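Before any comments, here is the structure.
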Amino acid sequence: MARTPLDEASLLAAARRTAEREDFVDESFREPLRRLLASLETEARLHPLGRMLVRQSLVRALVNRLRLEELSERHPEIREQRVTAPVFIVGLQRTGTTLLHRLLTCEPALRPLLSWEALNPAPFPASRRLWEPRTRPGRDPRMRLAETAERGLRYLAPEFFAIHPVEAHAPEEDVLLLDLTFMSPTADATQRVPGYSAWLRDTDQRPTYRYFRRLIQLLLWQRPGRWLGKTPHHFENLDVLLDVFPDAKIIQTHRDPLRVVASFCSMMAHGRAIFSDHVDPREVGATLGDRAVRAVTRAIAVREHAASDSFLDVAYADTLADPFKEIRRIYDFLGLSLAPETEASMQRWLAENPQDKRGVHRYRLEDFGLDRAELDRRFEPYRSHFGVSRE
(Lines give C-alpha, C1' and ligand atoms only; values in the text may rest on other atoms or scores of the structure.)
Protein backbone atom coordinates (compact mmCIF):
# COMPACT_ATOMS: atom_id res chain seq x y z
CA MET A 1 0.00 0.00 0.00
CA ALA A 2 2.92 2.35 0.66
CA ARG A 3 3.70 2.23 -3.06
CA THR A 4 0.10 2.81 -4.18
CA PRO A 5 0.44 5.03 -7.27
CA LEU A 6 -1.29 8.39 -7.31
CA ASP A 7 -0.26 9.60 -10.74
CA GLU A 8 -2.62 10.78 -13.45
CA ALA A 9 -1.67 8.15 -16.03
CA SER A 10 -2.27 5.14 -13.79
CA LEU A 11 -5.55 6.55 -12.49
CA LEU A 12 -6.89 7.16 -15.99
CA ALA A 13 -5.77 3.72 -17.15
CA ALA A 14 -7.48 2.02 -14.20
CA ALA A 15 -10.71 3.93 -14.82
CA ARG A 16 -10.73 3.09 -18.53
CA ARG A 17 -10.19 -0.60 -17.79
CA THR A 18 -13.01 -0.67 -15.26
CA ALA A 19 -15.49 1.25 -17.39
CA GLU A 20 -14.37 -0.41 -20.64
CA ARG A 21 -14.38 3.00 -22.31
CA GLU A 22 -11.58 5.26 -23.52
CA ASP A 23 -13.21 8.62 -24.28
CA PHE A 24 -13.99 10.97 -21.39
CA VAL A 25 -15.50 13.47 -23.88
CA ASP A 26 -15.27 16.35 -21.39
CA GLU A 27 -11.69 16.54 -20.11
CA SER A 28 -12.05 19.75 -18.10
CA PHE A 29 -11.30 17.66 -15.02
CA ARG A 30 -7.63 17.24 -16.01
CA GLU A 31 -6.22 20.43 -14.46
CA PRO A 32 -8.15 20.09 -11.16
CA LEU A 33 -7.04 16.46 -10.92
CA ARG A 34 -3.40 17.38 -11.50
CA ARG A 35 -3.53 20.12 -8.89
CA LEU A 36 -5.11 17.75 -6.38
CA LEU A 37 -2.54 15.02 -7.07
CA ALA A 38 0.33 17.49 -6.63
CA SER A 39 -0.98 18.53 -3.21
CA LEU A 40 -1.61 14.94 -2.16
CA GLU A 41 1.98 14.01 -2.95
CA THR A 42 3.71 17.07 -1.49
CA GLU A 43 1.46 18.18 1.38
CA ALA A 44 -0.97 15.51 2.57
CA ARG A 45 1.48 13.09 4.25
CA LEU A 46 -0.85 10.17 3.65
CA HIS A 47 -0.19 6.92 5.45
CA PRO A 48 -0.25 3.70 3.34
CA LEU A 49 -3.92 2.96 3.97
CA GLY A 50 -4.75 6.59 3.24
CA ARG A 51 -3.02 6.36 -0.15
CA MET A 52 -5.01 3.26 -1.03
CA LEU A 53 -8.32 4.82 0.02
CA VAL A 54 -7.59 8.01 -1.92
CA ARG A 55 -6.71 6.07 -5.05
CA GLN A 56 -9.92 4.06 -4.84
CA SER A 57 -11.92 7.27 -4.51
CA LEU A 58 -10.20 8.98 -7.44
CA VAL A 59 -10.59 5.98 -9.74
CA ARG A 60 -14.25 5.64 -8.78
CA ALA A 61 -14.85 9.29 -9.69
CA LEU A 62 -13.21 8.81 -13.09
CA VAL A 63 -15.19 5.64 -13.75
CA ASN A 64 -18.43 7.46 -13.00
CA ARG A 65 -17.48 10.22 -15.44
CA LEU A 66 -16.95 7.62 -18.15
CA ARG A 67 -20.25 5.92 -17.32
CA LEU A 68 -22.11 9.23 -17.46
CA GLU A 69 -20.78 9.93 -20.96
CA GLU A 70 -21.74 6.51 -22.25
CA LEU A 71 -25.16 6.71 -20.68
CA SER A 72 -25.70 10.17 -22.15
CA GLU A 73 -24.85 8.87 -25.62
CA ARG A 74 -27.20 5.90 -25.28
CA HIS A 75 -29.93 7.90 -23.54
CA PRO A 76 -29.99 11.52 -24.77
CA GLU A 77 -33.10 12.07 -22.67
CA ILE A 78 -30.84 12.32 -19.61
CA ARG A 79 -29.75 15.79 -20.73
CA GLU A 80 -33.42 16.73 -21.14
CA GLN A 81 -34.34 15.98 -17.52
CA ARG A 82 -35.89 19.06 -15.92
CA VAL A 83 -34.46 20.22 -12.61
CA THR A 84 -37.41 22.31 -11.45
CA ALA A 85 -37.31 24.49 -8.31
CA PRO A 86 -34.66 22.36 -6.58
CA VAL A 87 -34.34 22.72 -2.82
CA PHE A 88 -30.95 23.29 -1.20
CA ILE A 89 -30.25 23.41 2.53
CA VAL A 90 -27.18 25.56 3.15
CA GLY A 91 -25.36 27.15 6.06
CA LEU A 92 -22.20 26.80 8.05
CA GLN A 93 -21.31 23.29 9.14
CA ARG A 94 -23.00 22.00 12.30
CA THR A 95 -25.99 24.37 12.10
CA GLY A 96 -28.75 21.77 11.93
CA THR A 97 -28.61 21.15 8.19
CA THR A 98 -28.47 17.38 8.66
CA LEU A 99 -31.50 17.39 11.01
CA LEU A 100 -33.61 19.37 8.54
CA HIS A 101 -32.36 17.28 5.64
CA ARG A 102 -33.32 14.01 7.31
CA LEU A 103 -36.76 15.32 8.25
CA LEU A 104 -37.50 16.66 4.77
CA THR A 105 -36.54 13.36 3.17
CA CYS A 106 -39.71 11.97 4.73
CA GLU A 107 -41.61 14.06 2.15
CA PRO A 108 -42.42 11.82 -0.87
CA ALA A 109 -42.34 14.77 -3.30
CA LEU A 110 -38.71 15.54 -2.47
CA ARG A 111 -35.87 13.49 -3.92
CA PRO A 112 -32.66 13.40 -1.84
CA LEU A 113 -29.31 11.95 -2.73
CA LEU A 114 -28.76 8.65 -0.90
CA SER A 115 -25.33 7.65 0.32
CA TRP A 116 -25.05 4.63 -1.98
CA GLU A 117 -25.93 6.87 -4.94
CA ALA A 118 -23.35 9.45 -3.89
CA LEU A 119 -20.57 6.89 -4.15
CA ASN A 120 -21.68 5.75 -7.61
CA PRO A 121 -24.25 8.08 -9.21
CA ALA A 122 -23.99 6.25 -12.54
CA PRO A 123 -25.67 2.81 -12.47
CA PHE A 124 -23.56 -0.27 -13.08
CA PRO A 125 -24.19 -1.83 -16.49
CA ALA A 126 -25.72 -5.28 -16.35
CA SER A 127 -23.75 -5.85 -19.53
CA ARG A 128 -22.11 -3.76 -22.22
CA ARG A 129 -25.45 -3.83 -24.02
CA LEU A 130 -27.72 -2.78 -21.17
CA TRP A 131 -27.49 0.54 -19.32
CA GLU A 132 -31.07 0.91 -18.17
CA PRO A 133 -32.01 2.18 -14.69
CA ARG A 134 -32.98 -0.62 -12.35
CA THR A 135 -36.78 -0.46 -12.45
CA ARG A 136 -37.48 -4.08 -11.61
CA PRO A 137 -37.59 -5.24 -7.98
CA GLY A 138 -34.29 -6.14 -6.43
CA ARG A 139 -31.26 -4.61 -4.82
CA ASP A 140 -29.09 -2.26 -6.80
CA PRO A 141 -25.52 -3.63 -6.70
CA ARG A 142 -24.28 -0.18 -5.76
CA MET A 143 -25.90 -0.65 -2.36
CA ARG A 144 -23.58 -3.50 -1.42
CA LEU A 145 -20.49 -1.39 -2.07
CA ALA A 146 -21.87 1.43 0.07
CA GLU A 147 -22.65 -0.98 2.90
CA THR A 148 -19.07 -2.26 2.75
CA ALA A 149 -17.79 1.32 2.84
CA GLU A 150 -19.96 2.09 5.88
CA ARG A 151 -18.61 -0.96 7.74
CA GLY A 152 -15.07 0.09 6.86
CA LEU A 153 -15.58 3.60 8.20
CA ARG A 154 -17.14 2.26 11.40
CA TYR A 155 -14.03 0.13 11.88
CA LEU A 156 -11.52 2.87 11.07
CA ALA A 157 -13.24 5.75 12.89
CA PRO A 158 -16.19 4.63 15.04
CA GLU A 159 -16.24 7.97 16.88
CA PHE A 160 -16.88 9.81 13.59
CA PHE A 161 -20.53 8.66 13.64
CA ALA A 162 -21.16 10.78 16.75
CA ILE A 163 -20.14 13.79 14.66
CA HIS A 164 -21.75 13.01 11.30
CA PRO A 165 -23.58 9.75 10.55
CA VAL A 166 -22.52 8.14 7.27
CA GLU A 167 -25.01 5.36 6.50
CA ALA A 168 -25.33 3.53 3.20
CA HIS A 169 -29.10 3.95 2.83
CA ALA A 170 -29.49 7.38 4.44
CA PRO A 171 -29.55 10.77 2.71
CA GLU A 172 -26.12 12.28 2.13
CA GLU A 173 -24.65 15.66 1.22
CA ASP A 174 -24.69 16.40 -2.48
CA VAL A 175 -21.22 17.92 -2.19
CA LEU A 176 -20.03 14.37 -2.81
CA LEU A 177 -21.22 14.72 -6.40
CA LEU A 178 -18.67 17.52 -6.84
CA ASP A 179 -15.96 14.93 -6.17
CA LEU A 180 -16.43 13.84 -9.79
CA THR A 181 -15.19 17.26 -10.95
CA PHE A 182 -12.09 17.14 -8.71
CA MET A 183 -13.10 20.62 -7.57
CA SER A 184 -14.64 19.60 -4.29
CA PRO A 185 -14.00 20.68 -0.68
CA THR A 186 -14.16 17.02 0.32
CA ALA A 187 -10.43 16.71 -0.32
CA ASP A 188 -9.64 19.59 2.03
CA ALA A 189 -11.96 18.17 4.70
CA THR A 190 -10.22 14.80 4.70
CA GLN A 191 -6.63 15.55 3.67
CA ARG A 192 -4.14 18.35 4.23
CA VAL A 193 -3.95 19.96 0.77
CA PRO A 194 -3.52 23.72 1.33
CA GLY A 195 -2.06 24.41 -2.12
CA TYR A 196 -4.98 22.74 -3.85
CA SER A 197 -7.48 24.44 -1.52
CA ALA A 198 -6.07 27.90 -2.22
CA TRP A 199 -6.30 27.27 -5.96
CA LEU A 200 -9.85 25.97 -5.63
CA ARG A 201 -10.93 29.00 -3.61
CA ASP A 202 -9.80 31.38 -6.37
CA THR A 203 -11.17 29.37 -9.33
CA ASP A 204 -14.51 29.96 -11.05
CA GLN A 205 -16.99 27.39 -9.76
CA ARG A 206 -19.52 27.70 -12.58
CA PRO A 207 -18.16 24.83 -14.71
CA THR A 208 -18.19 22.67 -11.58
CA TYR A 209 -21.82 23.47 -10.83
CA ARG A 210 -22.85 22.92 -14.44
CA TYR A 211 -21.42 19.40 -14.23
CA PHE A 212 -23.15 19.03 -10.86
CA ARG A 213 -26.44 19.78 -12.67
CA ARG A 214 -25.66 17.02 -15.19
CA LEU A 215 -25.25 14.57 -12.32
CA ILE A 216 -28.56 15.64 -10.80
CA GLN A 217 -30.19 15.01 -14.19
CA LEU A 218 -28.62 11.55 -14.23
CA LEU A 219 -30.04 10.79 -10.79
CA LEU A 220 -33.49 12.17 -11.63
CA TRP A 221 -33.50 9.98 -14.74
CA GLN A 222 -33.09 7.00 -12.42
CA ARG A 223 -35.55 8.17 -9.76
CA PRO A 224 -37.68 11.27 -10.44
CA GLY A 225 -38.72 13.90 -7.93
CA ARG A 226 -38.00 17.43 -6.80
CA TRP A 227 -34.32 17.59 -5.94
CA LEU A 228 -33.45 18.04 -2.26
CA GLY A 229 -29.79 18.87 -1.74
CA LYS A 230 -27.73 19.80 1.28
CA THR A 231 -24.17 20.89 1.86
CA PRO A 232 -22.38 23.78 3.58
CA HIS A 233 -20.25 24.14 0.44
CA HIS A 234 -23.18 25.76 -1.40
CA PHE A 235 -23.12 28.47 1.30
CA GLU A 236 -19.78 29.67 -0.09
CA ASN A 237 -21.14 29.69 -3.67
CA LEU A 238 -24.68 31.04 -3.46
CA ASP A 239 -24.18 33.26 -6.50
CA VAL A 240 -23.03 30.31 -8.62
CA LEU A 241 -25.80 28.08 -7.25
CA LEU A 242 -28.44 30.62 -8.29
CA ASP A 243 -26.77 31.15 -11.65
CA VAL A 244 -26.98 27.42 -12.49
CA PHE A 245 -30.32 26.85 -10.70
CA PRO A 246 -32.13 30.21 -11.02
CA ASP A 247 -35.42 28.89 -9.60
CA ALA A 248 -33.79 27.21 -6.59
CA LYS A 249 -35.35 27.46 -3.15
CA ILE A 250 -32.63 27.87 -0.53
CA ILE A 251 -33.08 27.14 3.18
CA GLN A 252 -30.27 28.88 5.07
CA THR A 253 -29.54 27.72 8.62
CA HIS A 254 -27.96 29.80 11.37
CA ARG A 255 -26.23 29.06 14.66
CA ASP A 256 -23.71 30.72 16.99
CA PRO A 257 -20.59 30.60 14.77
CA LEU A 258 -18.29 29.99 17.73
CA ARG A 259 -20.05 26.70 18.36
CA VAL A 260 -20.06 25.96 14.65
CA VAL A 261 -16.33 26.43 14.10
CA ALA A 262 -15.33 24.36 17.14
CA SER A 263 -17.58 21.50 16.09
CA PHE A 264 -16.39 21.48 12.49
CA CYS A 265 -12.74 21.64 13.57
CA SER A 266 -13.34 18.45 15.52
CA MET A 267 -15.06 16.84 12.54
CA MET A 268 -12.23 17.77 10.16
CA ALA A 269 -9.54 16.56 12.55
CA HIS A 270 -11.26 13.19 12.84
CA GLY A 271 -11.73 13.00 9.07
CA ARG A 272 -8.10 13.74 8.31
CA ALA A 273 -6.92 11.16 10.84
CA ILE A 274 -8.46 8.44 8.66
CA PHE A 275 -5.90 9.25 5.95
CA SER A 276 -2.84 10.56 7.80
CA ASP A 277 -0.99 10.15 11.06
CA HIS A 278 -0.04 13.84 10.97
CA VAL A 279 -2.97 16.07 11.93
CA ASP A 280 -2.18 19.47 13.43
CA PRO A 281 -5.21 20.77 15.38
CA ARG A 282 -3.96 24.36 15.32
CA GLU A 283 -3.62 24.28 11.56
CA VAL A 284 -7.13 22.87 11.29
CA GLY A 285 -8.41 25.67 13.52
CA ALA A 286 -6.74 28.45 11.54
CA THR A 287 -7.99 27.02 8.25
CA LEU A 288 -11.59 26.61 9.34
CA GLY A 289 -11.81 29.89 11.19
CA ASP A 290 -10.80 31.76 8.05
CA ARG A 291 -13.05 29.67 5.84
CA ALA A 292 -16.14 30.22 7.98
CA VAL A 293 -15.61 33.99 8.09
CA ARG A 294 -15.12 34.05 4.32
CA ALA A 295 -18.27 31.96 3.76
CA VAL A 296 -20.57 34.20 5.81
CA THR A 297 -19.08 37.33 4.25
CA ARG A 298 -19.74 36.01 0.74
CA ALA A 299 -23.25 34.89 1.70
CA ILE A 300 -24.13 38.35 3.01
CA ALA A 301 -22.92 39.94 -0.23
CA VAL A 302 -24.99 37.56 -2.37
CA ARG A 303 -28.11 37.91 -0.24
CA GLU A 304 -28.04 41.69 -0.59
CA HIS A 305 -28.67 41.37 -4.34
CA ALA A 306 -30.62 38.10 -4.60
CA ALA A 307 -34.39 37.81 -4.72
CA SER A 308 -35.73 37.55 -1.19
CA ASP A 309 -38.25 34.85 -2.16
CA SER A 310 -35.37 32.52 -3.03
CA PHE A 311 -34.32 32.23 0.63
CA LEU A 312 -35.74 31.14 3.96
CA ASP A 313 -33.72 31.60 7.15
CA VAL A 314 -33.98 28.99 9.90
CA ALA A 315 -32.31 29.30 13.31
CA TYR A 316 -30.76 26.20 14.87
CA ALA A 317 -32.25 27.04 18.28
CA ASP A 318 -35.74 27.33 16.78
CA THR A 319 -35.37 23.96 15.04
CA LEU A 320 -34.45 22.27 18.31
CA ALA A 321 -37.15 24.04 20.31
CA ASP A 322 -40.05 23.34 17.93
CA PRO A 323 -39.02 21.40 14.84
CA PHE A 324 -42.52 21.18 13.38
CA LYS A 325 -43.08 24.92 13.60
CA GLU A 326 -39.99 25.30 11.40
CA ILE A 327 -41.05 22.43 9.14
CA ARG A 328 -44.38 24.15 8.49
CA ARG A 329 -42.57 27.39 7.65
CA ILE A 330 -40.41 25.42 5.22
CA TYR A 331 -43.43 23.72 3.63
CA ASP A 332 -45.09 27.10 3.08
CA PHE A 333 -41.86 28.40 1.54
CA LEU A 334 -41.65 25.40 -0.81
CA GLY A 335 -45.34 25.45 -1.73
CA LEU A 336 -45.92 21.99 -0.27
CA SER A 337 -48.67 20.56 1.93
CA LEU A 338 -47.63 18.56 4.98
CA ALA A 339 -49.70 15.36 4.89
CA PRO A 340 -50.55 13.67 8.21
CA GLU A 341 -48.69 10.50 7.22
CA THR A 342 -45.57 12.51 6.34
CA GLU A 343 -45.68 14.34 9.67
CA ALA A 344 -46.03 10.96 11.40
CA SER A 345 -42.94 9.70 9.56
CA MET A 346 -41.02 12.75 10.74
CA GLN A 347 -42.21 12.19 14.31
CA ARG A 348 -40.99 8.59 14.16
CA TRP A 349 -37.62 9.68 12.81
CA LEU A 350 -37.20 12.17 15.66
CA ALA A 351 -38.18 9.55 18.24
CA GLU A 352 -35.74 7.02 16.77
CA ASN A 353 -32.88 9.50 16.39
CA PRO A 354 -32.49 11.55 19.57
CA GLN A 355 -29.57 13.93 19.83
CA ASP A 356 -26.38 12.09 20.88
CA LYS A 357 -27.85 8.75 19.78
CA ARG A 358 -24.46 7.79 18.34
CA GLY A 359 -22.43 9.26 21.17
CA VAL A 360 -21.58 12.67 22.58
CA HIS A 361 -19.51 14.96 20.39
CA ARG A 362 -17.17 17.02 22.62
CA TYR A 363 -15.10 19.93 21.34
CA ARG A 364 -13.57 23.28 22.40
CA LEU A 365 -12.23 26.20 20.38
CA GLU A 366 -9.12 26.25 22.53
CA ASP A 367 -8.21 22.73 21.43
CA PHE A 368 -7.64 24.15 17.93
CA GLY A 369 -5.64 27.23 18.91
CA LEU A 370 -8.49 29.67 18.31
CA ASP A 371 -9.02 32.82 20.37
CA ARG A 372 -12.68 33.11 21.31
CA ALA A 373 -12.82 36.91 21.57
CA GLU A 374 -10.97 37.49 18.29
CA LEU A 375 -13.14 35.01 16.40
CA ASP A 376 -16.29 36.51 17.89
CA ARG A 377 -15.19 39.94 16.67
CA ARG A 378 -14.70 38.64 13.13
CA PHE A 379 -18.22 37.17 13.11
CA GLU A 380 -19.95 40.32 14.36
CA PRO A 381 -21.14 41.42 10.87
CA TYR A 382 -22.76 37.99 10.39
CA ARG A 383 -24.47 38.10 13.80
CA SER A 384 -25.79 41.59 13.14
CA HIS A 385 -26.98 40.88 9.60
CA PHE A 386 -28.94 37.71 10.43
CA GLY A 387 -29.69 38.30 14.11
CA VAL A 388 -27.73 35.25 15.25
CA SER A 389 -27.59 34.93 19.04
CA ARG A 390 -24.82 33.51 21.18
CA GLU A 391 -25.15 30.08 22.80
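Computed values, structure above
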item: Selection within region 175-217 - of a type in the set (Val, Ile, Thr), farther than 14 Å from ARG272 by Cβ and open to solvent by 30 Å² or more (accessible area, probe 1.4 Å); result: THR203
item: Which listed residue is more than 25 Å from the chain's Cα centre (by Cα) and under 19 Å from ALA118 (Cβ atoms), from THR42, THR18; result: THR18
item: Number of the exception - GLU326 against (1) within 30 Å of ARG45 (Cα to Cα); (2) surrounded by 17 or more Cβ atoms within 10 Å (Cβ to Cβ); (3) acidic (Asp, Glu); result: (1)
item: All helices (runs of 4 or more DSSP H) inside region 212-304 with 2 or more residues being among the charged types (D, E, K, R) and under 20 Å from ASP174 (Cα atoms); result: 238-244
item: Positions within region 307-323 being surrounded by 16 or more Cβ atoms within 10 Å (Cβ to Cβ) and either in a loop (DSSP other than H, G, I, E, B) or hydroxyl-bearing (Ser, Thr, Tyr) (or both), in sequence order; result: SER310, TYR316, THR319
item: Pairs, first farther than 16 Å from MET52 by Cβ in region 1-24, second open to solvent by 70 Å² or more (accessible area, probe 1.4 Å), C-beta under 8 Å, six or more apart; result: GLU8/ARG34; ARG16/GLU22; GLU20/ARG128
item: Selected residue (criterion: least open to solvent (accessible area, probe 1.4 Å)) from residues of region 19-47 that are among the small types (Gly, Ala, Ser) and more than 12 Å from PRO194 (Cα to Cα); result: ALA19
item: Residue match in region 172-186 (condition: touching a strand residue (DSSP E or B) at 6+ places or on another chain (Cβ under 7 Å), at negative phi, modelled with pLDDT under 95 and part of a loop (DSSP other than H, G, I, E, B)); result: yes
item: Residues of region 96-142 classified as outside any helix (DSSP H, G or I), at pLDDT below 95 and over 19 Å from the mean Cα position of the chain (by Cα), total; result: 18
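The values are calculated or read from the model by the stated rules, or taken from the named source; none is laboratory data. Since this is a predicted model, take the numbers as computed values, not measurements. Positions of Cβ are generated from backbone atoms using ideal geometry, with glycine treated the same way; all protein chains shown enter the neighbour counts. Note: accessible area is taken over every heavy atom of the protein model, side chains too, but ligands, DNA and RNA are not part of it. Shrake-Rupley method; radii C 1.70, N 1.55, O 1.52, S 1.80 Å.
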